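Visitor: Dumping the structure here so I can ask a few things about it.
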Amino acid sequence: MKSQKKYQQKRFIVPDPHIVYYDAVHNSPWNQSEEGVLPAKGDWTTYRFASKDIIVGVVTHRYNRQTRRLEVRAYFIGEHPVYKEFEPTKAMIIILLSQAYQSGGILDVFFEQGIPFDIRLLIEKRLGIIISGHEKHLSEDLARKLYLELSGFSKKVIAYVESEKIPIEHICFNIYRDIWSTNHIKSMIQRGISLSWIFSSRPDPYGFSIVNMFMLNHLRAVLLEEYALFRLADRKIGVSAGKKIERIDSQNTTYFTCKHNIIIPDSGTNNQYEPYSWVQLKKSERFCLIPIVPVTLKSLTINLKKDIQDAKEIEVIGKPIFILPLDFIYLKKETCDQYQSEIKNAGLNMVIVGLTLSQLLTEIELKLSATAAQIDEEEIGEFNEARYAD
């Protein structure tokens, strides 16, 4: 009888998701009063991951300053038919590892109830490492491997980053928090931008003004490429849905493909810069992006013939698409028409992005500030509004 009671006390119990959710909500110091008191650093905090009105995951965690690790008490993940297999698990473990890195600068997570089964399956699937169900501690070495694996970086990119003496997890952290993207990092490397300028120490704008301008102009080009892909995918900013465009990097060349036809402009649009956007791409047709970052508006027309000649040279890789900032539409109409006419006569495509060079520069500065401070762009904006009030 005594042994039976001992067995009942130690037996393994799978917690009901409602109990996990109850524990997460009622044992977290969130205060939903009008004051909106948030939990202090080190308090238990509840994070709910939802798809519209369906809760996909719930986790209660805190950062323990004594042990310098993230501790997880309540954890629940539910698969959803909208997502691919393990996608909710992938999202939740990225959140936990990012929280651990932001809090303590180290990827170290401790699960009080043991490493969840779905996380162990994800590790086995992606890394080929089998973890015991009795294990509670996700070590820094294993967590780092998983963090990198989920980032989508190739071994070549990882090797390059490590050669620059930059912690790869620092770059992954800023990708997961949506400051930079994987494509941004790849394009920076291709353009010769030292990642240490972005993630370690920025070139002095006064002492090394030429280097600083080199970096800013190439970052403008990188952002132009990103916004052009949004347009080509017919993806609205803030909305993830759209045509899937795949990036292919081979040796020193990069091209894109899409399994759908890409046609711009669409009939019936009223955008003021739409008449100067012209793209005709067939399914799976290769294309290359050529971002144009002019020193002055006049230099657009001065350099046009050379730009067309350069574009023709990469036509064997993919169909060139000129990407221009919104500054273009402020030229005289006759100049705009002539510019577009020469692009079309050369058999090339052209897209106008809805941001000026000045706006692109503002976004770059916000991204650089957020990267350096490890806080969100919104917080940077609020800080500047308070500091430089009108």
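The values are calculated or read from the model by the stated rules, or taken from the named source; none is laboratory data. None of the values given here were measured: they were computed from a predicted structure. Here the Cβ positions follow ideal geometry from the backbone for every residue, glycine too, while neighbour counts run over all protein chains shown.
Visitor: Scan segment 92-99 and tell me whether some residue there is outside any helix (DSSP H, G or I) and touching a Leu at 6+ places or on another chain (Cβ under 8 Å). Please lay out each step first, then the result.
Guide: In the first step, residues of segment 92-99 are kept if they are outside any helix (DSSP H, G or I); the result is none.
Looking for residues that are outside any helix (DSSP H, G or I) and touching a Leu at 6+ places or on another chain (Cβ under 8 Å), one finds none in segment 92-99, hence no.
Visitor: Which numbered condition in (1) over 22 Å from H218 (Cβ atoms); (2) outside the structural domain of L97 (by TED's automatic domain parsing); (3) at pLDDT 85 or above is the only one that K155 fails?
Guide: In the conditions (1) over 22 Å from H218 (Cβ atoms); (2) outside the structural domain of L97 (by TED's automatic domain parsing); (3) at pLDDT 85 or above, K155 misses (3) alone.
Visitor: Does segment 241-260 contain any residue that is surrounded by 17 or more Cβ atoms within 10 Å (Cβ to Cβ), over 17 Å from the mean Cα position of the chain (by Cα), at pLDDT 90 or above and among the aliphatic types (A, V, I, L, M)?
Guide: No, segment 241-260 contains no residue that is surrounded by 17 or more Cβ atoms within 10 Å (Cβ to Cβ), over 17 Å from the mean Cα position of the chain (by Cα), at pLDDT 90 or above and among the aliphatic types (A, V, I, L, M).
Visitor: All but one of (1) part of a helix (DSSP H, G or I); (2) surrounded by 14 or more Cβ atoms within 10 Å (Cβ to Cβ); (3) over 15 Å from the mean Cα position of the chain (by Cα) hold for S187; state the number of the condition that does not hold.
Guide: In the conditions (1) part of a helix (DSSP H, G or I); (2) surrounded by 14 or more Cβ atoms within 10 Å (Cβ to Cβ); (3) over 15 Å from the mean Cα position of the chain (by Cα), S187 misses (3) alone.
Visitor: Quick one: in segment 103-121, of everything that is under 25 Å from the mean Cα position of the chain (by Cα) and in a loop (DSSP other than H, G, I, E, B), which residue is surrounded by the most Cβ atoms within 10 Å (Cβ to Cβ)?
Guide: This residue is L107.
Visitor: Further question on the same structure: Please go through segment 38-88 and pick out each residue that is at pLDDT below 85, in a loop (DSSP other than H, G, I, E, B) and either in contact with a Gly (Cβ under 8 Å, 6 or more places away or on another chain) or not assigned by TED's automatic domain parsing to the domain that holds S98 (or both).
Guide: G78
Visitor: For segment 199-217, indicate whether the set of residues that are under 18 Å from the mean Cα position of the chain (by Cα) and either not assigned by TED's automatic domain parsing to the domain that holds Y255 or not β-branched (V, I, T) (or both) is non-empty.
Guide: yes
Visitor: On to the next question. Show me the strands (runs of 3 or more DSSP E) entirely contained within segment 273-348 in which 2 or more residues are touching an Asp or Glu at 6+ places or on another chain (Cβ under 8 Å).
Guide: Values: elements: 279-281, 287-291, 319-324.
In segment 273-348, 287-291, 319-324 are the strands (runs of 3 or more DSSP E) which contain 2 or more residues that are touching an Asp or Glu at 6+ places or on another chain (Cβ under 8 Å).
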